[in-house]
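Enquirer: Questions regarding the structure given below will be posed in turn.
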Amino acid sequence: AHQHRDQGGHHGDLGGHPVAGQGRQHGEHDQRCGFAVSLRRHDVVQSVLEKKMKRAGKAVRLATVHELRFGVADPSQKKSDLYVSNMAEDGLPTLVDVGVTHSLADTYFSQNTSVGVRGYAADRYAKTKDTDYKKVIRNNGLQLHSRSAVMETYGAFSKDLWSLVTVLTDPASHPHARGDCDPWCRPEPRRDFFLSLAFAAQRGGSKMLR
């Protein structure tokens with residue numbers, strides 16, 4: 001089971017709501033998580049990420065539990081957040097898992113006081129996610145890629161998220177990479193992507209306080 005920290009911590013990897021007639025294909029995180037209020041922030045960031053992926057020309061939808069199962073008899077409720085079918089160069093689909101964690105959570109703060117690395121907490125959390133998903137994909141013999149999109153409460157992005165945005169906003173493939181852009185009212189795709197995620201995290205944080 002995943003552990004959770006109140007507001008300042010991070011959410012785990014199980015999530016969503018059951019869909020009538022389809023079983024719990026979207027997992028059961030809301031029933032298991034003792035601090036489900038933190039999912040408000042996560043869901044706002046996830047929604048913006050999905051929107052920006054679509055703008056980048058990616059075929060993206062919400063992930064379900066079926067992608068990570070080894071077969072129809074597998075009862076696992078584990079799922080990612082987003083499923084992208086046309087992002088990887090080899091043509092395999094990619095699961096993207098969103099995470100928001102607190103820079104000063106005890107798990108990270110006690111280990112980062114002498115290092116002071118920006119994005120340390122996000123990188124640590126992203127590594128945990130990546131290791132977990134790659135293990136499931138390998139053990140179940142699945143033809144999938146997995147990527148994480150983790151940021152911190154105060155705005156720092158993980159290296160993986162920087163890399164993901166770089167891929168999604170590649171001028172050679174982004175349908176809106178060329179045009180009359182303005183840094184203030186119509187920023188180019190890469191700047192727009194980062195600003196949108198940062199503002200989403202702020203809006204999500206405010207929802208947690210309501």
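Enquirer: Any of 54/79; 52/78; 129/207; 127/159; 79/129; 78/134 with alpha carbons more than 18 Å apart? Name them for me.
Expert: Over 18 Å Cα-Cα: 54/79; 52/78; 129/207.
Enquirer: Further question on the same structure: Quick one: go through the stretch 48-82 and flag any residue whose amide nitrogen is under 17 Å from the point 7 Å out along the Cα-to-Cβ line of residue 143.
Expert: Output list for this probe position: 67-72.
Enquirer: Taking the Cβ of residue 158 as the centre, find all other residues whose Cβ is under 12 Å away and add up their charges (Lys, Arg: +1; Asp, Glu: -1). List each step's numbers first, then the result.
Expert: Working: positive: 118, 124, 127, 129, 147, 159; negative: 97, 123, 130, 152, 160.
Spelling it out: positives minus negatives among the neighbours equals +1.
Enquirer: Report the full-extension gain for the segment residue 159 to residue 172: residue separation times 0.36 nm, less the Cα-Cα distance, to one decimal in nm. Spell out each step's value before the answer.
Expert: On the way: separation 13, 0.36 × 13 = 4.68 nm, distance 2.17 nm.
Extending this stretch completely gives an extra 2.5 nm.
Enquirer: For a quick protection proxy, order the peptides 143-153, 86-96 by their average other-Cβ count within 10 Å, most packed first. Each step should come with its number before you reach the end.
Expert: On the way: 143-153: 22.1, 86-96: 15.2.
The most tightly packed comes first, giving 143-153, 86-96.
Read-outs: derived from the displayed coordinates by stated rules, not from any lab. Bear in mind the structure is a predicted one, so any value in this text is a computation, not a measurement. Cβ atoms come from the backbone with ideal geometry, glycine included; neighbour counts cover every protein chain shown.
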